[in-house]
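Here's the structure, in structure tokens; my notes come after.
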Amino acid sequence: MSSIYFFGECLIELKTLKPNLFEQSYAGDIYNSAVYMKRAFPALSVNVITTVGTDAFSNEMVERFSHEHLSTEWVFRSKQKIPGLYHIQTDASGERTFNYWRNDSAAKQTMDFFKDEHLQQFTKQDIFFFSGISLAILPEEKREAFWSRLKKLSDSGVTIVFDPNYRANLWSSTEDASTQIKKAFAHACIALPGVDDLATLLDLHTGAQVAEFCQCYELQELVIKNGPESVVTVAQGNTTEHHITPVVKVVDTTSAGDAFNGVYLGARLSKQSINKAVQLAATAAATVIQHPGAIIPLTAFTDAIHAEL
Ligand code: ADP
């Protein structure tokens, strides 16, 4: 059976409920995708490759992973570092502000632990997923090791999947981000870009422009997310525009793209067609944005997905 490995960072999340009262949980793009994939497709083996510390938050974070039935075999422990943290504040008009404390997080150390010998455990059926955030948090001196291990995985037949998930404040410059993200496209078999991300980074504003930009890469499958507008897929020479039913009352768009990615890939791994995978992924994303927070209550999610399966 194939396994999927999500490489990147999970953070401590703090949300202000009212002055001086916070709700604390855990979130991060690759973690969110892993959770939603496993919830929708429990038979799949879903792994997180990251680094945490040895502190109480780290222990609770790893317990959360286990609670969500994610494999923690590839969660490394740093004796010196602790997890990154972010805070969400929502003002009276619903506008959200995010602040991050992640510059010295344990997850930035993952390439110190994720060595060549680990690559032998991957098989040809496996999937390795990383995002622009996974890339952005890597210290510059660790990038070479990352690209070298990614190439070895790719050469051994592992399917490499990438979502640019561009966050400008995590990069030293747009030139650097653009170079690294283009390199990631060049390594990927499957790419799941959001139009919004590439609009700010590469001046691409429509699904068609993103599809044209991606023509120079050897992608087996390209899935372009464009909010409520549409999803465009390109695979085996076929370009398809999929209709998205807009959600009337959006509560919180956090992790819409992450939920989409997890469920889309889970569906494809479970031998569903591209059309069905998009339909399930869009249902997942539409459900997630009707609830507050990155990770919504289990039954709200599974009820919506099971109705479509
Ligand atoms: P990202 O979060 O990666 O930038 P999008 O904003 O395109 O990606 O959102 C991801 C997916 O969430 C979309 O492909 C779509 O399925 C769903 N989605 C986002 N906004 C809406 C909306 N207003 N109504 C319905 N679905 C939405």
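The values are calculated or read from the model by the stated rules, or taken from the named source; none is laboratory data. This is a predicted model, so every value here is computed, not measured. Quick reminder, even Gly has a Cβ in these numbers, built from the backbone with ideal geometry, and neighbours come from all protein chains shown.
For segment 179-202, which residues satisfy the criterion of being over 11 Å from Leu135 (Cα atoms), more than 16 Å from the ligand (Cβ to nearest atom) and in contact with a helix residue (DSSP H, G or I) (Cβ under 6 Å, 6 or more places away or on another chain)?
Scanning segment 179-202 gives a single hit, His187.
Could you grab me the full set of residues in segment 130-178 that are outside any helix (DSSP H, G or I) and within 15 Å of the ligand (Cβ to nearest atom)? Steps first, answer last, please.
From segment 130-178, those outside any helix (DSSP H, G or I) are 130-131, 137-139, 156-167, 171-173; that's our starting set.
Listed by number, the residues that qualify are Phe130, Ser131, Val161, Phe162, Asp163, Pro164, Asn165, Tyr166, Arg167.
Tell me yes or no: at least one residue of segment 8-25 is within 19 Å of Thr159 (Cβ to Cβ), touching a residue at least 60 places away in the same chain (Cβ under 8 Å) and within 16 Å of the chain's Cα centre (by Cα). Spell out how you get there, then give the answer.
Pass one, segment 8-25, residues within 19 Å of Thr159 (Cβ to Cβ): 8.
Now drop any that are not touching a residue at least 60 places away in the same chain (Cβ under 8 Å), which leaves 8.
Next cut, within 16 Å of the chain's Cα centre (by Cα) only: 8.
For segment 8-25, residues within 19 Å of Thr159 (Cβ to Cβ), touching a residue at least 60 places away in the same chain (Cβ under 8 Å) and within 16 Å of the chain's Cα centre (by Cα): present.
Condition test on Ile88, is it within 20 Å of Gly257 (Cα to Cα), at pLDDT 95 or above and surrounded by 12 or more Cβ atoms within 10 Å (Cβ to Cβ)? Talk me through it step by step, then tell me what you get.
Values: within 20 Å of Gly257 (Cα to Cα): yes; at pLDDT 95 or above: no; surrounded by 12 or more Cβ atoms within 10 Å (Cβ to Cβ): yes.
Spelling it out, it is not the case that Ile88 is within 20 Å of Gly257 (Cα to Cα), at pLDDT 95 or above and surrounded by 12 or more Cβ atoms within 10 Å (Cβ to Cβ).
Just wondering, is there one or more residues in segment 253-271 that are over 26 Å from Gly8 (Cα atoms) and either part of a strand (DSSP E or B) or within 11 Å of the ligand (Cβ to nearest atom) (or both)?
Scanning segment 253-271, I find no residue that is over 26 Å from Gly8 (Cα atoms) and either part of a strand (DSSP E or B) or within 11 Å of the ligand (Cβ to nearest atom) (or both), so the answer is no.
Answer yes if at least one residue in segment 220-236 is closer than 25 Å to Ala285 by Cα, of a type in the set (Asp, Glu), crowded, with 18+ Cβ neighbours inside 10 Å and free of Cβ contacts under 8 Å to residues at least 60 places away in the same chain, and no otherwise.
The initial filter retains those residues of segment 220-236 that are closer than 25 Å to Ala285 by Cα, namely 220-235.
Right, trim to of a type in the set (Asp, Glu) and you get 221, 229.
Right, trim to crowded, with 18+ Cβ neighbours inside 10 Å and you get 221.
Still in the running and free of Cβ contacts under 8 Å to residues at least 60 places away in the same chain: 221.
Within segment 220-236, one or more residues are closer than 25 Å to Ala285 by Cα, of a type in the set (Asp, Glu), crowded, with 18+ Cβ neighbours inside 10 Å and free of Cβ contacts under 8 Å to residues at least 60 places away in the same chain.
Taking segment 171-186 as the region of interest, how many residues are surrounded by 15 or more Cβ atoms within 10 Å (Cβ to Cβ), free of Cβ contacts under 8 Å to residues at least 40 places away in the same chain and of a type in the set (A, V, I, L, M, F, W, C)?
Residues flagged as surrounded by 15 or more Cβ atoms within 10 Å (Cβ to Cβ), free of Cβ contacts under 8 Å to residues at least 40 places away in the same chain and of a type in the set (A, V, I, L, M, F, W, C) within segment 171-186 amount to 2.
Which condition from (1) under 18 Å from Cys10 (Cβ atoms); (2) within 11 Å of the ligand (Cβ to nearest atom) is the one that Ala282 breaks?
(1)
Just give me the residues in segment 209-219 being more than 15 Å from the ligand (Cβ to nearest atom) and either over 19 Å from the mean Cα position of the chain (by Cα) or of a type in the set (Val, Ile, Thr) (or both), in sequence order.
First pass over segment 209-219, keeping only residues more than 15 Å from the ligand (Cβ to nearest atom): 212-219.
Across segment 209-219, the qualifying residues are Glu212, Phe213, Cys214, Gln215, Cys216, Tyr217, Glu218.
Give the residues of segment 237-252 that are within 10 Å of the ligand (Cβ to nearest atom) and charged (D, E, K, R), sorted by residue number. If you could, list the steps in order and put the result at the bottom.
Narrowing segment 237-252 to residues within 10 Å of the ligand (Cβ to nearest atom): 242, 244-250.
Selection gives Lys249 alone.
For residues in segment 45-68 being among the acidic types (Asp, Glu) and not in a helix (DSSP H, G or I), which is surrounded by the most Cβ atoms within 10 Å (Cβ to Cβ)?
Step one: list which residues in segment 45-68 are among the acidic types (Asp, Glu), which gives 55, 60, 63, 68.
Remaining after also requiring not in a helix (DSSP H, G or I): 55, 68.
On the way: Asp55: 13, Glu68: 18.
Ranking the candidates gives Glu68 first.
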